[in-house]
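Engineer: Right, I'll just put the structure down here and ask away after.
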Amino acid sequence: MKALNSIHFKRTILILVTFISVYTLIGQGGMWLPNLLEGMNEKEMQEMGMELEVADIYNPEKSSLKDGIVRFGRGCTGAIISKEGLLITNHHCGYGNIQRLSTVENNILKNGFWAANKAEEIPAPGLTVTIVDRIEDVTAYILAGIGDDLDPRERQSLVDQRISALKKATPKTEYQEIEINPFYQGNEYHLFVVTVYSDIRLVGSPPESIGKFGADTDNWVWPRHTGDFSIFRIYAGPDNLPANYSPGNKPLKPRYYFPVSLEGVRERDFTMVFGFPGRTKEYLPSIAIDQTIKVVNPARIELRTDALSIMNKYMREDEKIRLQYASKNAGIANAWKKWIGENQGLNTVGAVEKKRILEDEFMKRVNANPEWSEKYGSVLTDFEKLYKELEPLAFAEAYSYETTIQNIELMRLIGFFNELVKAYTEKGVEGFVSYREKLVPYLNSFYPDYNPDIDKEIFATLFEKYMKHMEKKYIPYAFEPYTSGEVLADVIYDNTIFTQPKEVEKLLRMEDVQGIIDIIESDLAFYTSVQWREMYDLITPEYNRVLEQINYLQMKYMKALMEVFPDHRFFPDANSTLRLTYGYVKGYKPKDAVYYLPVSYLSGVIEKYIPEDYEFDLPNELISLHAKKDFGKYADQTGDVPVCFIGTNHTTGGNSGSPVLNKYGHLIGLNFDRVWEGTMSDYYYDPSICRNIMLDIRYVLFIIDKYAHATHLINEIDIRKAKE
């Protein structure tokens with residue numbers, strides 16, 4: 001009996017620990033809506049060391065921290081750091097814009113750029129930043145009278161109608177936009193009123209050897225030594241309101257900008273990360289995590305490994321190619337390495353088994369309550385059936401997407417020409433002309449960074465993988481005569497107009513629209529691409545059909561979790577909306593006998609230095625500053641300049657460039673990455689190994705001041721030694 005009691009006690013403790021690590025995440029983890037911090041979150045943050053009130057963080061009526069946060073472009077965050085609209089974000093967030101502003105003759109991506117004054121700041125066409133004005137909970141209106149018994153599509157149709165109506169009815173100015181987003185898998189809805197600025201100009205960027213130091217080798221890795229920052233400025237019209245680019249525009253006078261602290265960090269210091277995290281899936285059932293680890297991620301990893309190895313080979317041999325492919329390579333490699341670490345982390349912490357333990361406790365409680373048993377008793381078995389049906393489709397979808405859309409540029413390019421053909425078929429010459437006007441700017445940005453020899457080799461390699469692993473019903477007719485990817489690649493790439501930008505330009509200028517269409521449709525590459533894309537289009541309806549059922553069930557499961565475990569807090573999954581996460585500066589133990597300290601230093605940058613290496617070269621000026629120990633006021637008590645630090649803040653993609661704030665709300669760093677062992681935090685946050693990586697603001701200021709000698713920017717920033 002004692003043995004049984006002991007086993008029961010241990011199991012109870014394991015369930016409790018598992019539950020805490022999966023869902024409550026006390027003091028560590030969670031991405032919280034800033035308008036809902038009052039109460040438990042506020043108390044917890046203050047107990048952890050914060051010396052602010054919630055009204056200091058979010059206040060739609062007057063200036064607060066949220067007014068200094070911007071969504072940078074489409075997928076990053078930035079922070080306003082001066083009364084003249086100076087904006088700081090990550091180097092990798094500004095990377096694409098900096099690359100587009102670079103040429104071989106004036107390669108500011110490689111060499112860096114520092115505007116000596118506002119007149120020298122360079123406009124970044126197409127770049128926008130978005131500031132949230134206010135957030136409102138509109139769940140009651142959106143879901144009024146909508147029960148759980150509705151058909152999923154009927155339910156979504158009603159929700160969409162109400163969202164549309166509410167957007168139209170919500171008061172706003174001419175420069176504001178309305179966004180309404182679902183939370184808790186559609187069990188809540190919140191409305192965001194936002195302002196978008198479109199005149200954004202590049203102010204400063206370190207050379208790539210600082211801003212991308214460590215490149216792919218150090219990506220997702222600690223210790224990190226990357227000076228991952230770039231500086232832009234927001235411009236507005238004479239009335240300080242959003243305006244399209246004009247030489248007469250003035251720097252924005254923001255509602256709030258962040259003071260910058262030189263106080264630094266120590267282990268166990270309280271930190272906040274404020275930004276726009278992209279996507280997380282924290283509440284998936286165990287079977288979904290198991291399928292991600294064993295089926296979906298391996299397929300993606302395999303294909304990107306091949307594509308990246310080919311790109312890297314060419315990039316190391318040719319400086320022009322390296323510049324052409326720098327941004328594309330980084331984008332592909334970022335997710336590739338994350339998926340590898342994600343699988344490793346999920347396996348290391350036993351995420352699947354821990355979720356199963358939680359599900360056992362969930363079912364125990366559900367079965368003990370007749371009302372819950374009727375509503376939720378079949379949820380997990382329904383998941384089992386649906387994910388079993390999804391598995392072959394998930395594999396096929398991942399494989400098809402990575403080949404037809406993601407990694408073979410010619411196939412992706414022809415997808416746009418296929419849309420051009422459709423526009424002509426559906427709307428005649430008018431439709432053709434309208435779509436051509438949108439296509440030409442894309443082609444002007446595509447071709448300068450395109451190398452058909454690289455793409456051809458990637459095509460040959462991925463074609464053979466596709467033929468080996470995909471079901472026969474997903475093999476295009478055009479592929480059937482070929483067993484060699486190299487042979488098919490020769491046939492396609494040597495006989496297509498689409499690898500020749502001048503010929504494409506001449507084609508699109510022809511007056512005979514039907515003649516243009518005939519040439520496009522007779523091109524072998526076009527024929528191959530369309531057939532291959534048809535295979536993807538064959539997979540996706542079935543894949544989406546099952547996924548739609550899973551998503552509806554996930555909404556029900558989320559509601560059940562909150563009902564069955566009423567004493568525990570559940571943060572909503574990230575969905576690119578404004579969130580606050582908080583935690584501590586803290587090292588971690590990645591494996592036996594190894595402990596990582598939480599701060600890295602300039603001396604570590606020098607230790608990694610490899611002359612003329614693609615990833616670890618350094619500017620001579622930086623090496624000289626270190627040798628002379630010319631650190632100015634930016635060294636800490638060790639006598640060295642801090643570069644990066646890690647903490648327990650729960651972040652994800654989209655948090656890149658997010659300001660890291662201390663207990664006073666002062667800027668102490670920029671979030672830019674996560675440790676490799678903790679990349680699985682999108683699915684399962686474990687505070688023992690999940691760490692976000694942050695750039696220390698003192699290294700930023702050191703580079704601006706001592707390396708770039710851009711003292712006018714230092715003078716513009718409100719720099720503080722401690723609380724003032």
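The values are calculated or read from the model by the stated rules, or taken from the named source; none is laboratory data. Bear in mind the structure is a predicted one, so any value in this text is a computation, not a measurement. For neighbour counting, all protein chains shown are included, and Cβ atoms are generated from backbone atoms with ideal geometry for every residue, glycine included.
Engineer: Can you tell me which residue among I519, I539, I606 is over 30 Å from K375 (Cα atoms), touching a Leu at 6+ places or on another chain (Cβ under 7 Å) and without any contact (Cβ under 8 Å) to a residue 60 or more places away in the chain?
Structural biologist: On inspection, the qualifying residue turns out to be I519.
Engineer: T679 versus (1) closer than 24 Å to T89 by Cβ; (2) at pLDDT 95 or above; (3) not charged (D, E, K, R): which is the lone unmet condition?
Structural biologist: So T679 meets the others, but not (2).
Engineer: If you don't mind, there's one more thing I want to ask. Among residues belonging to the range 258-314 that are closer than 25 Å to N90 by Cα and polar (S, T, N, Q), point out the one that is surrounded by the most Cβ atoms within 10 Å (Cβ to Cβ).
Structural biologist: T271
Engineer: Quick one: is D567 over 21 Å from S261 (Cβ atoms) and either aromatic (F, W, Y) or at pLDDT below 95 (or both)?
Structural biologist: Spelling it out, D567 is indeed over 21 Å from S261 (Cβ atoms) and either aromatic (F, W, Y) or at pLDDT below 95 (or both).
Engineer: Say we look at the range 683-705 and pick out the residues that are buried (at least 21 other Cβ atoms within 10 Å of the Cβ), touching a helix residue (DSSP H, G or I) at 6+ places or on another chain (Cβ under 8 Å) and among the charged types (D, E, K, R); which of these is farthest from A351 (Cα to Cα)?
Structural biologist: Per the criteria, the residue is R691.
Residue-wise test of (1) within 27 Å of D673 (Cα to Cα); (2) free of Cβ contacts under 8 Å to residues at least 60 places away in the same chain.
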site	(1), (2)
R316	yes, no
I332	yes, no
E359	no, no
E371	no, yes
V379	no, no
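Engineer: Shifting gears a bit: Would you mind telling me which numbered condition in (1) within 24 Å of W220 (Cα to Cα); (2) free of Cβ contacts under 8 Å to residues at least 12 places away in the same chain A627 fails?
Structural biologist: (1)
Engineer: Name the residue that is surrounded by the most Cβ atoms within 10 Å (Cβ to Cβ), counting only residues in the range 139-189 that are over 29 Å from the mean Cα position of the chain (by Cα) and small (G, A, S).
Structural biologist: Top of the filtered list is A165.
Engineer: Just one of (1) over 23 Å from A708 (Cβ atoms); (2) not in a strand (DSSP E or B) trips up I180, so point out which.
Structural biologist: Exception for I180: condition (2).
Engineer: Got a sec? Which strands (runs of 3 or more DSSP E) wholly within the range 625-724 have at least 2 residues that are farther than 18 Å from G29 by Cβ?
Structural biologist: So the answer is 642-647, 667-674, 692-696.
Table: residues versus (1) surrounded by fewer than 23 Cβ atoms within 10 Å (Cβ to Cβ); (2) under 26 Å from V260 (Cα atoms); (3) under 22 Å from the mean Cα position of the chain (by Cα); (4) not basic (K, R).
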| position | (1), (2), (3), (4) |
| --- | --- |
| E607 | yes, no, no, yes |
| S624 | yes, no, no, yes |
| V641 | no, yes, no, yes |
| H666 | yes, yes, no, yes |
| S681 | no, no, yes, yes |
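Engineer: Name every residue in the range 192-211 that is of a type outside the set (S, T, Y), within 25 Å of A335 (Cα to Cα) and either touching a Pro at 6+ places or on another chain (Cβ under 8 Å) or surrounded by 24 or more Cβ atoms within 10 Å (Cβ to Cβ) (or both), in order of residue number.
Structural biologist: Initial filter on the range 192-211 (of a type outside the set (S, T, Y)): 192-194, 196, 199-204, 206-208, 210-211.
So of that shortlist, the ones also within 25 Å of A335 (Cα to Cα) come out as 206-208, 210-211.
Selection gives P206, P207, E208, I210.
Engineer: Further, regarding this structure: Give the range 316-328 a look and list any residue that's crowded, with 20+ Cβ neighbours inside 10 Å and either under 14 Å from I458 (Cα atoms) or touching a Phe, Trp or Tyr at 6+ places or on another chain (Cβ under 9 Å) (or both), or say none.
Structural biologist: Q324, Y325, A326 - these are the residues of the range 316-328 that are crowded, with 20+ Cβ neighbours inside 10 Å and either under 14 Å from I458 (Cα atoms) or touching a Phe, Trp or Tyr at 6+ places or on another chain (Cβ under 9 Å) (or both).
Engineer: Then there is this: Can you tell me which residue within the range 224-256, out of those that are among the aromatic types (F, W, Y) and crowded, with 24+ Cβ neighbours inside 10 Å, is farthest from D636 (Cα to Cα)?
Structural biologist: Only one residue tops the list, namely Y235.
Engineer: Picking from N662, N655, N671, which residue would you name as being over 25 Å from G632 (Cα atoms) and modelled with pLDDT of 95 or more?
Structural biologist: Unique residue meeting the criteria: N655.
Engineer: Further question: Within the range 556-585, take every residue that is crowded, with 20+ Cβ neighbours inside 10 Å and in a loop (DSSP other than H, G, I, E, B) and give me the one that is farthest from the chain's Cα centre (by Cα).
Structural biologist: Ranking the qualifying residues of the range 556-585, first place goes to F571.
Engineer: Then there's this: From the residues in the range 604-624 that are assigned to a helix (DSSP H, G or I) and acidic (D, E), which one is nearest to G214 (Cα to Cα)?
Structural biologist: E607
Engineer: Let me ask something additional. On the phi > 0 side of the Ramachandran plot and not β-branched (V, I, T), is that true of G214?
Structural biologist: Yes; evaluated as a whole, the condition is true for this residue.
Engineer: Kindly establish whether D148 is more than 28 Å from G275 (Cα to Cα) and touching a residue at least 40 places away in the same chain (Cβ under 8 Å).
Structural biologist: Details: more than 28 Å from G275 (Cα to Cα): yes; touching a residue at least 40 places away in the same chain (Cβ under 8 Å): yes.
It is true that D148 is more than 28 Å from G275 (Cα to Cα) and touching a residue at least 40 places away in the same chain (Cβ under 8 Å).
Engineer: Show the residue pairs meeting these rules: Cβ distance below 7 Å; 6+ apart or different chains; first residue within the range 416-441 and without any contact (Cβ under 8 Å) to a residue 24 or more places away in the chain; second residue among the β-branched types (V, I, T) and assigned to a helix (DSSP H, G or I).
Structural biologist: Within 7 Å, no pair qualifies.
Engineer: Next question. Please go through the range 111-135 and pick out each residue that is surrounded by fewer than 16 Cβ atoms within 10 Å (Cβ to Cβ) and closer than 20 Å to F276 by Cα.
Structural biologist: Selection gives G126, R134.
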